[in-house]
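Have a look at the structure below before the remarks.
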Amino acid sequence: MFKRLVIQLQAPRMRTFSIATRTKPFQVAIDGPAASGKSTTAKMVAQRLGFDYIDSGAFYRCITLAALSKGINPSDPATVGQISEIAEQCKIGLQTVFAKPSETVSSGEEGVFQKLTCLPTTRVFLNSKDVSSEIRSNNVSQHVSAVAAIRNVREAVLQKIRSIRARENNNNNNNNNNKQDSDNTPNLSSSQSQSIVVSEGLVMDGRDIGTVILPHADLKIFLVADSRIRAERRLQELVKNGLDPTLNKLDVDTVQRDLQRRDELDRTRKVSPLRKADDAMVLDTSNLTIEGQVDVIVQEVERRRGDNVKVV
Ligand SMILES: Nc1ncnc2c1ncn2[C@@H]1O[C@H](COP(=O)(O)OP(=O)(O)O)[C@@H](O)[C@H]1O
Ligand SMILES: Nc1ccn([C@@H]2O[C@H](COP(=O)(O)OP(=O)(O)O)[C@@H](O)[C@H]2O)c(=O)n1
């Protein structure tokens, strides 16, 4: 009788999985409009499965931040050349620090327990500086779609992502435990605790992952959510990160308009527009919990990987 060989790993983030015969890492592409939950979901899926994670939007945000810090107005078409040059020259590094998948802690009141999910965090480095918070500012969000519509910028980002992938493959081939996404990303010991020698897969999120960056991804997800709900979630996130909505004249209506304007620019641009890949699964997160949407994707990965595992 054949039986699937199951390995129990010690690391808490990886409970059980089957040995896959595939040599190519399993690729998950997550695309969708702004604030539909892509990066939160992608990071958690990567954490649950022990995959690498690349946030492609962070590259466009870094280039936008670099342009704005030089006093360049990305919405002025005359600045396309300057921005393209910045995109080619700047160094961008990502580092995702995975947390324990979940833990149960006492909420303080005796006998009352609360399940806390620790979210992985991605640190983003622009020319060696940690810009993780700055790139999420409303000012960067206002201009990022104009930057992302520039052909040369997209080409430069593609090259940067390719070199990260090449370095990761090299690291894996060398059995190097340090996950280092870019030359200028410092080594953080916390990342080592989550490393497995050879990564089994990759999760990437953005707008053109399933259509352009990973057209042969093993699983493509198109995340959507009602635009009002997306705006409420995004505003809540900005407030959590220290933004004062009154001072910044931001309310749900304004955030919703900004998200819709950005989606429209992303959908209608000539180069790599936001579009659902023909073979993508649509997942509406409006009425889901974060854990719920992560579960759906993890189960789908496991189902599809199940078809490719070696049965011994
Ligand atoms: N199902 C959900 N329920 C509640 N909040 C969610 C859900 N999915 C995502 N969020 C929150 O919505 C915000 C936007 O999600 P994010 O992952 O940044 O979206 P995107 O990467 O698509 O812009 C984040 O604060 C995230 O925690
Ligand atoms: N693969 C990608 C990822 C992001 N982008 C651009 O970068 C912007 C910011 O992406 P993001 O994923 O950080 O944005 P949010 O959805 O988190 O608000 C998007 O609005 C797009 O203009 C892109 O064009 N292609």
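The values are calculated or read from the model by the stated rules, or taken from the named source; none is laboratory data. Just so you know, these numbers come straight off a predicted model, no measurement behind them. Quick reminder, even Gly has a Cβ in these numbers, built from the backbone with ideal geometry, and neighbours come from all protein chains shown. The accessibility values were calculated without ligands, DNA or RNA, using every heavy atom of the protein model including side chains. Shrake-Rupley method; radii C 1.70, N 1.55, O 1.52, S 1.80 Å.
Can you give me the % of accessible surface on the stretch 47-99 that is carbon or sulfur? Probe 1.4 Å, all protein chains present, nothing else counted.
Looking at the stretch 47-99 in its full context, I get 48 percent from C and S.
Got a sec to turn the phi values of the stretch 30-45 into Karplus ³J(HN,Hα) couplings, 6.51 cos²θ - 1.76 cosθ + 1.60 with θ = phi - 60°, whole Hz, x for Gly and Pro?
3J(HN,Hα) across the stretch 30-45, in whole Hz: 10, 10, x, x, 4, 6, 7, x, 4, 5, 4, 5, 4, 4, 6, 5.
How far is it, in nm, from the label point at Glu237 to the one at Met281 when both lie 7 Å from their Cα along the line to the Cβ?
Label-label distance for Glu237 and Met281, simple model: 2.2 nm.
So how much slack lies between Gln260 and Lys129, counting 0.36 nm per residue of separation and subtracting their Cα-Cα distance, in nm?
44.1 nm
In nanometres, what is the gap between the two model label sites at Glu155 and Asp295, each 7 Å from Cα along Cα-to-Cβ?
Distance between label points: 4.7 nm.
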